[in-house]
Amino acid sequence: MTECKPLLQLRGVSKTYADNTVLDTLDLTIYDGEFLTLLGPSGCGKTTVLRIIAGFEKEDQGQVMLDENDISILKAEHRPVNTVFQSYALFPHMSVYDNIAFGLLMHKVPKAEINERVLEALSMVRLESFAQRKPDQLSGGQQQRVAIARAVVNRPRLLLLDESLSALDYKLRQEMQIELKRLQRQLNITFVYVTHDQEEALSMSDRIVVLNKGKVQQIGTPREIYETPINLFVARFIGEINQFDGHVVRRIDDKHVEVLAEGADWVVQTDHPFVADDKVHVLLRPEDVRLTKPQLAEGTVHIEGHIHECNYKGKTLDSYIRLSSGTNVIASEFFDEDDPDFDYRLGQKVALQWITGWEVVLPYEQTI
Amino acid sequence: MNKQFNQFRFWAIGLATSWLALFVLVPSLMVLVVSFLTRDVDFLIKFEFSLAGWESVFDPNFIALLWDSLSMSMITAVICLMVAYPFVMCLMGLPQRWRGIVLFLLIVPFWTNSLVRIYAIQFLLGKKGLINEALQFIGLIDKPLDMLYSQFAVIFGLSYILLPFMILPIYSSMERLDFRLLDAAKDLGATTKQRLLRITLPLTLPGIIAGFLMVVLPAMGMFFVSDLLGGSKHALLGNVIKNQFIQTRDWPFGAALSVLMILLLSFMLWLYYRATKMSNREGGINDSNF
């Protein structure tokens with residue numbers, strides 16, 4: 001995302017079905033050439049955003065602006081936007097070639113140019129030899145690629161992808177993620193990708209929009225979203241996170257406060273203007289937690305607990321620790337093959353530590 | 001699989017098979033045999049090989065009649081299609097719950113015997129019928145139109161009787177149509193007309209063909225419609241067959257005609273099979289689903 005020219009803007013878009021508010025005065029700017037992901041749990045309104053941009057649904061309120069022009073009044077068939085559907089929606093009675101040529105044919109592109117562009121699109125998704133097949137003679141991954149080719153061949157300003165990889169198995173999905181990134185760079189088309197899979201969102205996007213209950217929760221780069229979530233919903237939805245509830249004891253300096261949680265005094269780093277007695281959540285990613293023997297941690301800030309379950313994950317060892325207060329904590333550590341003490345016994349007493357500054361401190365939220 | 005189930009299966013399939021063999025296969029074979037026998041005035045048929053029945057089939061006069069019957073059936077089917085297709089498209093716009101009710105209402109009149117309903121059409125179309133009276137009343141015409149006992153009346157009657165047989169197969173194929181495909185077509189720039197011609201029509205073609213079969217074939221056989229509304233001037237294949245057996249008493253010819261009709265039916269069923277195989281590969285009727 002080199003240039004930051006806004007391509008599409010949603011301004012105060014609302015959508016209600018019966019009495020169910022799906023989108024609540026949503027504002028969103030999509031920049032030219034970026035890979036933007038709409039991430040959220042099912043029912044958060046992300047697909048509705050896509051359908052409104054594509055023109056399949058009409059917003060109740062607000063505007064959809066493309067290059068500063070209001071396209072709310074344009075029908076779906078006249079918008080310079082194409083969609084890759086979750087179900088692919090390939091035309092079963094047409095060959096791969098005819099599927100891809102469909103959009104160009106509808107736009108009355110000259111025959112010779114159609115042929116050229118379809119072949120180009122086919123080679124882009126590496127399906128040259130499948131041109132004459134029918135969709136049902138293709139594997140899921142191949143159908144997916146045809147669906148992408150059918151959309152990008154029209155050179156849309158904006159390509160919308162609706163959970164497009166969710167029907168594929170894990171390995172294929174990872175391949176397609178890389179393929180999609182490659183295509184996006186190669187074509188320099190703006191991609192708007194909808195998913196509920198946070199891993200997918202983190203690995204592909206330039207920016208992520210986290211949606212919940214029809215409202216934007218946070219917009220940012222994958223790194224911002226993961227490392228500095230701005231509320232509990234974002235923190236919990238993206239990756240796993242340990243949550244400790246406590247309150248501020250005193251302010252140390254303009255970047256640090258002392259927090260009492262789990263019966264210990266913690267020094268935490270925050271930009272938020274907390275004052276004494278503010279209730280806070282301290283959040284720690286499992287991979288930021290360090291486990292040591294209690295005797296080694298003496299004299300430093302730490303909390304103690306017992307190993308309650310160990311889960312071998314291949315790359316990492318996930319340990320579930322129960323603190324004396326009853327709080328459960330997950331610690332995810334990389335294997336150190338040279339460390340003979342690495343494995344834990346169940347019930348073993350351990351000390352939890354982390355590097356100050358890696359935690360996230362959020363103002364207290366009413367229980368969600 | 002337990003023994004009881006096996007026994008049940010044996011009896012269930014056995015009974016149906018013997019029923020069909022006894023009351024469909026054997027009579028059909030008898031008809032086939034009769035078509036190759038000799039006509040006899042006193043005993044209807046003589047057990048002597050003859051091709052006379054089949055020769056009459058290829059008589060130019062008869063071919064003209066057959067053509068007449070076929071074209072009337074085809075026109076009926078086309079009319080039914082033109083009414084049924086838009087009807088089904090409107091029906092699809094209704095909520096699921098309403099569709100069932102509308103289809104039910106469509107079927108209700110067909111619980112009445114079709115003969116009775118044809119008599120009703122006679123009253124409608126007659127010189128002093130409802131339509132003529134109404135038209136005269138609003139002053140569109142001075143003297144009653146001659147509608148009854150015409151080709152128009154026959155086609156009208158056939159279309160009325162057979163319309164549901166066009167609607168139901170089209171509805172069932174329309175219901176199988178994945179409406180996301182229409183969204184996809186719209187997304188790719190297809191206008192309403194282009195979506196209809198390039199997506200909806202090709203994908204519901206099996207339903208259209210099935211509807212055609214279910215209209216054309218009975219339309220050729222419904223002799224009472226032609227008798228009551230066409231005044232026997234516009235004979236259907238069914239009338240000809242009926243006449244051979246009951247009036248002319250030329251059984252071999254009638255049998256040959258019946259065989260011809262069965263062949264025609266088989267040919268159309270084969271066409272239908274091919275069409276569904278070709279255009280409905282994804283889901284619906286598919287070899288692997290059976």
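The numbers here are math on the coordinates, done by the rules we state, and not lab data. As the structure is a computational prediction, the values presented were derived from the model and not from experiment. As a convention, Cβ positions derive from the backbone with ideal geometry for all residues, glycine included, and neighbour counts pool all protein chains shown.
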*The lone exception for A:LEU104 - which of (1) in contact (Cβ under 8 Å) with a residue 40 or more places away in the chain; (2) over 22 Å from A:SER87 (Cβ atoms); (3) surrounded by fewer than 18 Cβ atoms within 10 Å (Cβ to Cβ) it fails*: (3)
*Which ranges mark the strands (runs of 3 or more DSSP E) fully within segment A:258-368 that have 2 or more residues being surrounded by fewer than 12 Cβ atoms within 10 Å (Cβ to Cβ), hydroxyl-bearing (Ser, Thr, Tyr) and free of Cβ contacts under 8 Å to residues at least 40 places away in the same chain?*
none
*How many residues does segment A:110-125 contain that are surrounded by 17 or more Cβ atoms within 10 Å (Cβ to Cβ) and either in a loop (DSSP other than H, G, I, E, B) or facing chain B (nearest Cβ under 9 Å) (or both)?*
1
*asked:* Condition first: closer than 18 Å to A:VAL152 by Cβ, assigned to a helix (DSSP H, G or I) and of a type outside the set (Ser, Thr, Tyr). Now tell me which residues in segment A:67-109 satisfy that.
replied: A:ALA76, A:GLU77, A:VAL96, A:ASP98, A:ASN99, A:ILE100, A:ALA101, A:PHE102, A:GLY103, A:LEU104, A:LEU105, A:MET106
*For segment A:76-96, what are the residues that are surrounded by fewer than 20 Cβ atoms within 10 Å (Cβ to Cβ), more than 8 Å from chain B (Cβ to nearest Cβ) and within 20 Å of A:ARG117 (Cβ to Cβ)?*
A:PRO80, A:MET94, A:SER95
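Looking at this structure, is A:LEU165 more than 14 Å from every other protein chain (Cβ to nearest Cβ), in contact with a helix residue (DSSP H, G or I) (Cβ under 7 Å, 6 or more places away or on another chain), buried (at least 18 other Cβ atoms within 10 Å of the Cβ) and assigned to a loop (DSSP other than H, G, I, E, B)? First the steps, then the outcome.
On the way: more than 14 Å from every other protein chain (Cβ to nearest Cβ): yes; in contact with a helix residue (DSSP H, G or I) (Cβ under 7 Å, 6 or more places away or on another chain): yes; buried (at least 18 other Cβ atoms within 10 Å of the Cβ): yes; assigned to a loop (DSSP other than H, G, I, E, B): yes.
Against the criterion (more than 14 Å from every other protein chain (Cβ to nearest Cβ), in contact with a helix residue (DSSP H, G or I) (Cβ under 7 Å, 6 or more places away or on another chain), buried (at least 18 other Cβ atoms within 10 Å of the Cβ) and assigned to a loop (DSSP other than H, G, I, E, B)), A:LEU165 qualifies.
What is the residue count in segment A:126-162 for residues that are of a type in the set (S, T, N, Q) and within 12 Å of another protein chain (Cβ to nearest Cβ)?
Number satisfying all stated conditions: 3.
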*Of all residues in segment B:257-278, which are in contact with a helix residue (DSSP H, G or I) (Cβ under 6 Å, 6 or more places away or on another chain) and closer than 13 Å to B:ILE208 by Cα?*
B:MET268, B:TYR272, B:ALA275, B:THR276
_Taking the conditions exactly as written (closer than 29 Å to B:LEU264 by Cα and either touching a strand residue (DSSP E or B) at 6+ places or on another chain (Cβ under 7 Å) or surrounded by 21 or more Cβ atoms within 10 Å (Cβ to Cβ) (or both)), does B:GLY211 satisfy them or not?_
yes
*asked:* Just to check your reading of the model, which residue among A:GLY40, A:GLY33, A:GLY12 is of a type outside the set (A, V, I, L, M), buried (at least 20 other Cβ atoms within 10 Å of the Cβ), farther than 30 Å from B:GLN194 by Cα and within 23 Å of the chain's Cα centre (by Cα)?
replied: A:GLY40
